[in-house]
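Contents: one structure, followed by commentary.
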Amino acid sequence: MLKGGNDKDRIHLTDREREVLKFMIAGYSNPQIAETLSISISTVKAHVSSIIRKFNVKSRVEVTRDAVKRGFLD
């Protein structure tokens, strides 16, 4: 669980999901994230899908918007 008393506490992301989310917010594509983290594209896709599901949204654009609103950049 993340520290603090804001909305990000309600979304439980793994350490790797938080890393992937950071790159999503920065505008990285799946191949760029894969290369940067030295993981496969299919693994990135799995993390992105999990993040989308946990945020209860339909796209990575919505995830990035909501993550910024919820303070995941803090």
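Each reported figure results from applying straightforward, stated rules to the coordinates on display, with no laboratory input. These figures come from a predicted structure and were not determined experimentally.
Things worth noting here:
- Helix content alone sets the calculated 222 nm mean residue ellipticity of the chain: runs of n ≥ 4 DSSP H residues at -39500 (n - 2.57) each, divided across all residues, give -18500 deg cm²/dmol.
- Taking 0.36 nm per residue of separation and subtracting the Cα-Cα distance, full extension of the segment from ILE52 to SER40 would add 2.5 nm.
- Calculated log10 I(q)/I(0) by the Debye sum over Cα atoms at q = 0.19, 0.22, 0.24, 0.26 Å⁻¹ (choose from (i) -0.71, -0.94, -1.11, -1.28; (ii) -0.70, -0.90, -1.02, -1.15; (iii) -0.63, -0.88, -1.07, -1.28), label: (i)
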